[in-house]
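Contents: one structure, followed by commentary.
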Amino acid sequence: MILKLAANISGDKLVSLGKCFGKFTKTHKFRLHVTVLDYLAPYAKYKVWIKPGAEQSLYGNHVLKSGLGRITENTSQYQGVVVYSMADIPSGFGVGAKSTQDCRKVDPMAIVVFHQADIGEYVRHEKTLT
């Protein structure tokens with residue numbers, strides 16, 4: 001339906017179409033926004049679950065080993081992961097800082113997932129997430 005409506009607008013005047021999945025940075029790299037989480041979560045191969053006490057500290061921060069509940073087996077380092085609460089609700093996504101095997105050995109204050117986006121960004125950046 002949206003595509004049919006957009007066909008009435010010339011290509012050089014069309015700015016965007018559909019749902020915003022992210023934006024290009026000034027260095028021409030594409031950065032995903034939290035708006036893609038609903039589309040990304042059902043197809044995620046690698047997942048991380050965080051403990052209920054660590055959910056509030058997730059928003060805007062990396063996931064620490066002390067807040068890690070579970071992690072998908074055979075997750076390699078620097079692999080993209082979706083962060084879930086223990087109730088299987090997607091809360092954000094990021095990049096694995098450690099592999100599954102390394103997560104077992106590190107100290108509790110070590111970072112296991114680098115933050116990229118979380119559902120708290122809807123509130124923190126509501127003016128720019130259009």
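The values are calculated or read from the model by the stated rules, or taken from the named source; none is laboratory data. Keep in mind that what you see is a predicted model, and the values were worked out from it rather than measured. Note: ideal-geometry Cβ built from the backbone for every residue, glycine included; neighbour counts use all protein chains shown. These accessible areas exclude ligands, DNA and RNA; they are computed on the full protein's heavy atoms, side chains included. Shrake-Rupley method; radii C 1.70, N 1.55, O 1.52, S 1.80 Å.
Please enumerate the residues belonging to segment 68-94 that are of a type outside the set (A, V, I, L, M), farther than 25 Å from C20 by Cα and open to solvent by 40 Å² or more (accessible area, probe 1.4 Å). Hits for segment 68-94 are R70, E73, N74, S76, Q77. Residue pairs whose Cβ atoms lie under 7 Å apart, sitting 6 or more positions apart in sequence or on different chains, and linking a residue in segment 60-84 that is on the phi > 0 side of the Ramachandran plot to a partner that is in a loop (DSSP other than H, G, I, E, B), are G60/G120.
Restricting to segment 1-44, name every residue that is open to solvent by 40 Å² or more (accessible area, probe 1.4 Å), part of a loop (DSSP other than H, G, I, E, B) and either aliphatic (A, V, I, L, M) or in contact with a strand residue (DSSP E or B) (Cβ under 9 Å, 6 or more places away or on another chain) (or both).
First, the residues of segment 1-44 that are open to solvent by 40 Å² or more (accessible area, probe 1.4 Å): 1-5, 7-19, 21, 23-32, 38-40, 42-43.
Right, trim to part of a loop (DSSP other than H, G, I, E, B) and you get 1, 7-19, 21, 25-29.
Passing the criteria: M1, A7, I9, L14, V15, L17, F21, T25.
Determine whether segment 95-106 contains at least one residue that is charged (D, E, K, R), within 30 Å of A6 (Cβ to Cβ), without any contact (Cβ under 8 Å) to a residue 12 or more places away in the chain and open to solvent by 20 Å² or more (accessible area, probe 1.4 Å). Scanning segment 95-106, I find no residue that is charged (D, E, K, R), within 30 Å of A6 (Cβ to Cβ), without any contact (Cβ under 8 Å) to a residue 12 or more places away in the chain and open to solvent by 20 Å² or more (accessible area, probe 1.4 Å), so the answer is no. Condition check: within 18 Å of V113 (Cβ to Cβ), charged (D, E, K, R) and either surrounded by 11 or more Cβ atoms within 10 Å (Cβ to Cβ) or modelled with pLDDT of 90 or more (or both). Does K65 satisfy that? Against the criterion (within 18 Å of V113 (Cβ to Cβ), charged (D, E, K, R) and either surrounded by 11 or more Cβ atoms within 10 Å (Cβ to Cβ) or modelled with pLDDT of 90 or more (or both)), K65 qualifies. Restricting segment 45-55 to residues that are surrounded by 11 or more Cβ atoms within 10 Å (Cβ to Cβ) and part of a helix (DSSP H, G or I) leaves a set whose member that is modelled with the highest pLDDT is P52.
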